[in-house]
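For reference, the structure discussed in these notes is given below.
The values are calculated or read from the model by the stated rules, or taken from the named source; none is laboratory data. Just so it is clear, the structure is predicted and the values come from calculations on it, not from any experiment. Glycine also receives a Cβ, built like all others from the backbone with ideal geometry; neighbour counts cover every protein chain displayed. SASA here: full protein model, heavy atoms, side chains in, ligands and nucleic acids out. Shrake-Rupley method; radii C 1.70, N 1.55, O 1.52, S 1.80 Å.
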Amino acid sequence: MQGEFPKTYDPKGIEERLSEAWEKEGLFTPPRGDRAENYVIVIPPPNVTGKLTLGHVLDNELQDILVRFHSLQGKNALWVPGMDHAGIATQVVVEKKLAREGKKKEELGRDGFIEEVWRWAREHRAIIRRQHERLGFAADWSRERFTLDEGLVRAVRTVFKHLYDKGLIYRGLRIVNWCPRCHTAISNEETEYETEQGYLWYIKYPLEDGSGFITVATTRPETMLGDTAVAVHPEDEKYKALIGKYLTLPLMNRRIPVIADEVVEKDFGTGAVKVTPYHDASDFEIGERHKLAKIRVISDKGVMTEAAGAYSGKDRYAARKAIVADLESQGLLEKTEPYRLSAAKCSRCHTVIEPLLSEQWFAKMKTLAEPAIKAVRDGTIGFYPERWRNLYYHWMENIQDWCISRQLWWGHRIPVYTCKSCGKVFASIDEPMMCPGCSGKALEQDPDVLDTWFSSWLWPFSVMGWPEETDDFKRFYPTSTLVSGWDIIYLWVARMIMAGFEFTGQAPFNQVFFHVMIRDEKGRKMSKSLGNSPDPFDLIERYGADALRFGLLLITPKEQDVLYSEERIKVGRNFANKLWNSARLLDSLRDGDKAAIPDDPTPMEFWMLARLARTARDARELIEAHDLYSAAKMIYTFFWHEFCDWGLEFTKIAKKDARPISAALYVLKASLAMIHPYMPFITEELWERFGFGSSRLYKDSWPQLEDKYSAGDARVDALVEMVTAVRTMRAELGIAPDAKISVSINVGDDLYRFLQEHMKYLELAKIEKLERTKAKPHPSSGAVLPWGEIYLPLSELVSAGKLNLQAERTRLSKELEKLASEIESIKRKFENEEFLSNAPDEIVSRERERQDSYTKKAARLSELLEGLK
């Protein structure tokens with residue numbers, strides 16, 4: 001690329017231009033017929049409920065890093081993008097949109113509402129695609145998929161019929177998590193728990209014969225209206241004599257028995273529990289064992305039913321208030337205690353869940369789980385980090401049947417049909433024209449839709465065209481890596497593994513990379529429904545996409561969730577500026593020089609190339625081990641603190657003697673390749689500007705140098721350490737930055753000769769004279785390094801007026817006194833038992849770090865003062 005090199009980096013125009021160019025060129029579409037090894041990722045499809053959050057940006061960035069890295073390894077890298085229809089989540093947001101317009105979905109009817117949701121989905125699919133492109137993600141948009149695409153609909157119906165015909169899908173009456181707001185069942189995994197302040201109400205249940213009462217405690221008194229028994233443990237001496245007797249249900253005057261069941265914990269609470277089979281999963285099981293009646297007192301909408309008697313028609317919480325008041329007025333409320341409870345809520349609308357007995361469709365999962373457990377246990381599928389295997393095993397080994405039906409309109413309609421003529425119920429892949437039993441044409445399809453995850457669990461192979469044997473399926477399945485947050489290990493990851501083995505006979509991917517979660521200041525996961533994520537595109541406008549990508553990665557180490565900090569995004573921006581400015585400097589020096597490793601590298605060039613070789617090797621190994629954070633830190637440290645701080649300085653000095661800068665240009669070229677997966681835009685722009693390759697950087701290669709560069713050059717290491725130490729001593733003594741100085745050293749012959757021959761590089765510490773000494777000059781400041789000793793003689797500095805010895809003694813003494821006071825203050829804190837008992841761990845840890853830092857600094861100041869005597 002020709003033209004003037006702009007003084008400052010302006011990301012917006014560059015990022016938009018390159019994004020359009022990559023898409024136009026089809027850069028991320030693997031060429032057909034290529035025999036190179038494949039590397040394939042399918043995107044965890046974002047929901048079409050709104051814009052991307054920072055959590056999505058991180059998740060997708062990690063995939064992009066891996067795809068670009070493997071492309072640089074010479075592989076056919078494919079990243080298949082797509083989006084999820086997100087049944088309940090999307091239906092909720094569209095219902096809210098309609099409500100703002102004064103409309104209800106019932107007014108539109110099922111077909112009209114579905115068309116309204118399709119409009120929303122199309123609009124937000126386009127928005128999300130633009131967001132992905134703006135972030136520079138290397139996805140092949142020619143392969144974009146949506147979970148309601150025609151091909152994916154066929155995959156879902158094929159799988160449903162397969163399981164239905166095997167007897168693994170059935171319809172049953174079970175207690176489910178019911179959302180009164182969304183009017184649908186939801187799974188345990190879609191239920192969130194929040195700790196809230198509630199109450200335990202202790203209610204007296206009178207014995208029918210008037211001889212006394214049994215007290216039970218409940219957090220949900222409104223459900224007592226549906227009680228059909230009180231259960232006690234058969235060995236509980238308190239109640240043994242009452243088993244088989246009858247109680248009068250308070251407020252309802254219904255006769256209910258006292259039953260014995262071993263599930264009751266006799267030492268918990270009063271030792272007696274109310275049994276409401278219609279409104280509690282455990283009570284349902286008790287009811288089945290004892291053949292108890294099931295009475296529904298709360299409706300689908302969270303309103304009390306006719307069976308609730310006088311409380312019929314009341315909202316469940318209004319009924320609770322009235323019931324408690326009536327119990328108290330009748331002397332049947334023994335006491336009320338505050339109680340911290342874990343409230344189950346719908347993850348989409350945050351309404352408190354109501355356990356209800358409901359007829360739903362279920363999938364039997366135990367049979368499907370067995371090969372999926374084995375695949376992780378034997379290493380067929382690797383988990384990174386490995387600690388997530390234990391959570392996976394726990395869930396899979398205790399897996400329950402999956403409630404797959406939802407009482408929604410948006411989603412995959414359940415492909416089950418009932419013949420109105422003969423009553424036959426059957427599943428069909430295609431829309432049936434007649435009943436397979438009696439050939440009747442009056443067929444009725446089940447009104448429910450499938451759980452969103454029923455299409456998502458097929459994602460790795462359905463996006464490749466399965467159940468057809470397409471070219472993509474044969475070429476790119478199984479995939480290579482799945483990138484996912486650990487929070488959906490049950491909802492998605494485990495189910496995909498089960499589906500892969502059941503429907504394709506293979507693991508759907510070779511490895512799973514679980515990343516940490518970015519949380520808000522309250523520790524909550526960033527999500528669209530909470531609206532607690534900064535808008536990524538506001539951040540892009542301010543800092544650029546590369547800065548956002550790199551900054552986000554720097555706050556996400558491998559093992560722990562983190563709180564978001566915009567300061568790290570600024571670090572990403574600063575790194576982009578550093579990269580731009582260093583490249584601009586080399587551009588001003590190159591005079592036609594080309595990037596190449598010299599045949600006869602100078603020691604400084606060899607050192608620079610050796611540092612590059614080590615970084616390229618170690619960063620590659622870290623990325624292959626899925627430690628993208630540590631690899632980024634390593635590349636960042638190399639480029640900023642080794643190449644820019646030293647390599648460029650060496651290059652500028654050598655250039656004064658007309659030395660070509662080929663080695664520095666080679667290091668820049670290699671650095672761009674290593675940084676490219678993290679910051680694709682600026683690296684591509686500089687790649688073009690320097691003409692480093694005939695193809696896009698994405699298609700080039702990861703740097704790999706000859707083995708001879710693995711050792712480095714210890715003499716240059718010593719020179720760097722010496723310059724650093726002298727700079728530190730100058731700063732400690734307040735010597736003016738431009739003042740020339742003399743330095744005495746106690747080193748071996750070879751190193752002394754090397755330093756003398758390369759005096760021009762010691763100018764970096766303003767050293768104009770270098771002498772050998774065996775004894776420490778007096779007065780002086782010094783440093784002991786692994787290869788020798790360095791002294792800064794002070795007499796000539798004093799006589800030349802470059803150092804005021806007495807003023808420096810006074811300044812250091814005052815600083816030492818201040819440090820001593822700080823150390824004493826911290827010491828008193830640690831002698832205070834109240835501080836150690838009450839202070840948060842992070843405060844105590846921070847104080848210990850301060851104490852250690854101040855103690856080391858005080859020791860160094862004491863050394864300096866001693867040298868000034």
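Screening segment 439-455 for residues that are under 19 Å from Ser358 (Cβ atoms) and among the hydrophobic types (A, V, I, L, M, F, W, C) and picking the one that is surrounded by the most Cβ atoms within 10 Å (Cβ to Cβ) gives Phe454.
Here Pro355 meets the list (1) assigned to a helix (DSSP H, G or I); (2) in contact with an Asp or Glu (Cβ under 6 Å, 6 or more places away or on another chain); (3) not aromatic (Phe, Trp, Tyr) almost entirely, failing just condition (1).
Tallying residues that are farther than 29 Å from Glu190 by Cα and open to solvent by 40 Å² or more (accessible area, probe 1.4 Å) within segment 471-502 yields 3. Number of residues in segment 211-246 that are more than 46 Å from the chain's Cα centre (by Cα), over 21 Å from Glu288 (Cβ atoms) and among the aliphatic types (A, V, I, L, M) equals 3.
Out of Tyr384, Tyr417, one residue alone is open to solvent by 10 Å² or more (accessible area, probe 1.4 Å) and in contact with a strand residue (DSSP E or B) (Cβ under 6 Å, 6 or more places away or on another chain). It is Tyr384. Kindly check whether there is at least one residue in segment 81-100 that is assigned to a helix (DSSP H, G or I), out of contact with any Leu (no Cβ under 8 Å at 6 or more places or on another chain), modelled with pLDDT under 95 and closer than 27 Å to Pro11 by Cβ. Scanning segment 81-100 turns up no residue that is assigned to a helix (DSSP H, G or I), out of contact with any Leu (no Cβ under 8 Å at 6 or more places or on another chain), modelled with pLDDT under 95 and closer than 27 Å to Pro11 by Cβ. The single condition among (1) open to solvent by 10 Å² or more (accessible area, probe 1.4 Å); (2) closer than 19 Å to Ile675 by Cβ; (3) at pLDDT 95 or above; (4) of a type outside the set (Lys, Arg) that Ala21 does not meet is (2). Across segment 571-617, which residue is modelled with the lowest pLDDT among those that are among the acidic types (Asp, Glu) and under 22 Å from Val720 (Cα atoms)? Applying the filter and picking the extreme gives Asp600.
Conditions tested, residue by residue: (1) under 17 Å from Cys182 (Cα atoms); (2) open to solvent by less than 30 Å² (accessible area, probe 1.4 Å); (3) among the aliphatic types (A, V, I, L, M).
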site	(1), (2), (3)
His85	yes, yes, no
Lys104	yes, no, no
Ile114	yes, no, yes
Arg122	no, no, no
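Selection within segment 329-351: residues that are out of contact with any strand residue (DSSP E or B) (no Cβ under 6 Å at 6 or more places or on another chain) and among the polar types (S, T, N, Q). The member of this set that is surrounded by the most Cβ atoms within 10 Å (Cβ to Cβ) is Gln330. Note on segment 424-522: enclosed strands (runs of 3 or more DSSP E) holding 1 or more residues that are at pLDDT below 95 and under 28 Å from Gly382 (Cβ atoms) are 479-485, 509-515. Out of curiosity, is Tyr752 aromatic (Phe, Trp, Tyr) and either within 43 Å of the chain's Cα centre (by Cα) or surrounded by 21 or more Cβ atoms within 10 Å (Cβ to Cβ) (or both)? No. If the condition is being without any contact (Cβ under 8 Å) to a residue 60 or more places away in the chain and open to solvent by less than 30 Å² (accessible area, probe 1.4 Å), then segment 595-615 contributes Glu605, Met608, Thr615.
Scanning segment 352-381 for residues that are touching a strand residue (DSSP E or B) at 6+ places or on another chain (Cβ under 7 Å) and exposed (fewer than 14 other Cβ atoms within 10 Å of the Cβ) gives a single hit, Glu359.
Going through (1) farther than 30 Å from Trp410 by Cα; (2) at pLDDT 90 or above; (3) of a type in the set (Gly, Ala, Ser); (4) open to solvent by less than 70 Å² (accessible area, probe 1.4 Å) one by one, Ser211 falls short only on (4).
Considering segment 820-842, the residues that are open to solvent by less than 50 Å² (accessible area, probe 1.4 Å) and modelled with pLDDT of 80 or more include one that is nearest to Asn804 (Cα to Cα), namely Ile823.
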